[in-house]
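Working notes, beginning with the structure itself.
The values are calculated or read from the model by the stated rules, or taken from the named source; none is laboratory data. What you see is a predicted model; the values in this text were computed from it and never measured. Positions of Cβ are generated from backbone atoms using ideal geometry, with glycine treated the same way; all protein chains shown enter the neighbour counts.
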Amino acid sequence: MSSSASVGENNRFNRINVSILLNLGIGLIKVGLNGLGRFGLRLLRLWIHEKNSGKTNYEIVQINEPFSSPSQIVRNLKADAVVGPIGFPVRLIGKNTLSISNKKIGLLSESKPGLIPWSEDVSLVFECSGQFTKRKQAMQHFRKNIRKVLISATSMSADKTLIVGFNEKEYAASKHHVVSYGSCTINCFLPVAKIVHSKFGILSASASVIHNTPLNKISKPFGEILLKPCTLEYVGPKLFPVLKDFFVNYRTVPYPGVSLMDLRFVLKKKATPRQVNRIFEEASRKSLKGLVQLLKSEKDSNAFIGSSFSAIVLGKQTRVIGNQLLLSAWFDNENSATRFNDVAKIIVARL
């Protein structure tokens with residue numbers, strides 16, 4: 001056998017060995033997941049799919065969920081009324097071990113972060129309970145072996161808010177220990193706004209959000225349309241100072257599927273709908289590939305349940321009136337867990 005052939009065989013053998021090790025969880029950063037509500041469930045589903053395909057760099061080894069029993073967790077994974085079953089065997093081993101696709105995960109039930117018995121091999125905690133979003137609260141997860149926490153919600157006191165497609169390159173492992181991934185609305189709006197500003201300049205902006213309601217929170221028989229505050233309104237200008245006098249009109253509707261955002265920009269430069277759509281089509285293939293999609297034909301909202309895009313821009317709804325640009329975008333708010341997962345990989349790669 002020639003030396004080049006031998007090198008090729010060795011490289012192939014090494015790749016196979018690495019794949020086997022990753023699938024077994026050997027060499028992966030160990031993670032504890034706190035909170036298994038709608039967001040945590042979506043994240044867990046995404047992670048197990050990536051784990052089985054060798055696309056992840058971390059291993060969820062423990063889940064702390066004080067508000068659902070182990071049997072309820074299994075039921076939630078097996079049958080989801082919105083996104084369907086997980087697609088892998090799910091069962092309990094004993095009282096406190098969850099098995100998904102033969103991956104074993106320890107189950108815990110502690111309401112206070114400082115008392116959660118995270119194992120000594122856990123290096124990173126995913127704070128997905130929605131309760132402990134302040135830096136001081138998140139730091140209660142810190143142990144001798146745990147020095148990083150990633151929050152699945154807006155946090156004004158986090159060391160850094162990382163939005164993929166906007167500022168993820170600003171992550172500094174040496175000083176960003178409590179990190180927020182932002183929120184579903186922030187992840188939808190900011191990458192779009194960044195592209196618009198880079199091409200046309202933004203004088204001012206606003207947004208209207210029609211946001212879904214989790215199925216278990218829709219009051220019978222029909223639920224209500226509610227006006228609520230939105231974290232995008234005050235976090236957006238903090239992360240992107242060009243958003244002067246920024247306003248968000250945020251309403252929840254009794255529908256458990258995806259959400260819709262109408263974006264309004266007052267531009268410095270002239271634009272046409274065709275120019276704008278062409279810019280987003282190009283960005284969807286390059287700088288925002290996998291993050292923003294330009295939709296050229298109308299589809300029912302249910303078609304976007306489970307979408308991994310931060311924003312799905314409706315090309316036929318693009319309007320320019322004077323110097324105002326009007327855009328509409330679908331987003332699966334629960335599946336913004338995909339962006340959380342992206343940020344997690346960035347942090348893990350620097351541990």
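Out of the strands (runs of 3 or more DSSP E) lying entirely within segment 202-312, which hold 1 or more residues that are aromatic (Phe, Trp, Tyr)? Quick ask: steps written out before the conclusion?
Details: elements: 202-211, 226-228, 247-252, 259-267, 292-295.
The qualifying strands (runs of 3 or more DSSP E) are 247-252, 259-267.
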Listed residues SER336, SER307; which is surrounded by fewer than 20 Cβ atoms within 10 Å (Cβ to Cβ) and either of a type outside the set (A, V, I, L, M) or within 15 Å of HIS211 (Cα to Cα) (or both)?
-> SER307
Can you name every residue in segment 131-141 that is in contact (Cβ under 8 Å) with a residue 24 or more places away in the chain and surrounded by fewer than 21 Cβ atoms within 10 Å (Cβ to Cβ)?
-> GLN131, THR133, ARG135, GLN137, MET139, GLN140
Pairs only if they're at least six apart or on different chains, beta carbon under 9 angstrom, first in segment 262-280 and on the phi < 0 side of the Ramachandran plot, second at pLDDT below 95; list them, first residue then second.
-> ASN277/LYS296
Single condition SER109 does not satisfy, out of (1) in contact with a Lys or Arg (Cβ under 8 Å, 6 or more places away or on another chain); (2) among the hydroxyl-bearing types (Ser, Thr, Tyr); (3) surrounded by 14 or more Cβ atoms within 10 Å (Cβ to Cβ) | (1)
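Would you say GLU59 is under 19 Å from the mean Cα position of the chain (by Cα), among the acidic types (Asp, Glu) and part of a strand (DSSP E or B)?
Criteria met by GLU59.
Has segment 71-82 got any residue that is hydroxyl-bearing (Ser, Thr, Tyr) and within 19 Å of GLN131 (Cβ to Cβ)?
Looking only at segment 71-82, we keep the residues that are hydroxyl-bearing (Ser, Thr, Tyr), and these are 71.
Okay, now just the ones that are also within 19 Å of GLN131 (Cβ to Cβ), so none.
Within segment 71-82, none of the residues are hydroxyl-bearing (Ser, Thr, Tyr) and within 19 Å of GLN131 (Cβ to Cβ).
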Mind checking whether some residue in segment 33-48 is part of a loop (DSSP other than H, G, I, E, B), under 18 Å from ILE347 (Cα atoms) and either in contact (Cβ under 8 Å) with a residue 12 or more places away in the chain or not assigned by TED's automatic domain parsing to the domain that holds VAL149 (or both)?
-> no
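Is it the case that ALA173 is in contact with a helix residue (DSSP H, G or I) (Cβ under 8 Å, 6 or more places away or on another chain) and either surrounded by 22 or more Cβ atoms within 10 Å (Cβ to Cβ) or in a strand (DSSP E or B) (or both)?
Values: in contact with a helix residue (DSSP H, G or I) (Cβ under 8 Å, 6 or more places away or on another chain): yes; either surrounded by 22 or more Cβ atoms within 10 Å (Cβ to Cβ) or in a strand (DSSP E or B) (or both): no.
It is false that ALA173 is in contact with a helix residue (DSSP H, G or I) (Cβ under 8 Å, 6 or more places away or on another chain) and either surrounded by 22 or more Cβ atoms within 10 Å (Cβ to Cβ) or in a strand (DSSP E or B) (or both).
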Could you list all residues from segment 182-205 that are over 28 Å from ARG135 (Cα atoms), of a type in the set (S, T, N, Q) and in contact with a Leu (Cβ under 8 Å, 6 or more places away or on another chain)?
-> SER204
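Would you pick out the residues in segment 321-333 that are surrounded by fewer than 19 Cβ atoms within 10 Å (Cβ to Cβ) and in contact with a Leu (Cβ under 8 Å, 6 or more places away or on another chain)? Step through it out loud before you land on a result.
Within segment 321-333, the first condition is being surrounded by fewer than 19 Cβ atoms within 10 Å (Cβ to Cβ), and the residues that meet it are 321-324, 326.
Matches in segment 321-333: ASN323, GLN324, LEU326.
Would you point out which residue out of LEU291, LEU326 is within 26 Å of LEU44 (Cβ to Cβ) and not assigned by TED's automatic domain parsing to the domain that holds ILE146?
LEU291
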Test result for VAL82, buried (at least 16 other Cβ atoms within 10 Å of the Cβ) and either more than 20 Å from ASN341 (Cα to Cα) or small (Gly, Ala, Ser) (or both) = yes
Quick check: anything in segment 282-294 without any contact (Cβ under 8 Å) to a residue 24 or more places away in the chain and at positive phi?
-> yes
Filter segment 62-83 for residues that are under 24 Å from ILE218 (Cβ atoms) and within 19 Å of the chain's Cα centre (by Cα) and give the result.
-> LEU77, ASP80, VAL82, VAL83
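Within the bounds of segment 115-126, is there any residue that is among the aliphatic types (A, V, I, L, M), in contact (Cβ under 8 Å) with a residue 60 or more places away in the chain, outside any strand (DSSP E or B) and over 30 Å from ILE312 (Cα atoms)?
yes
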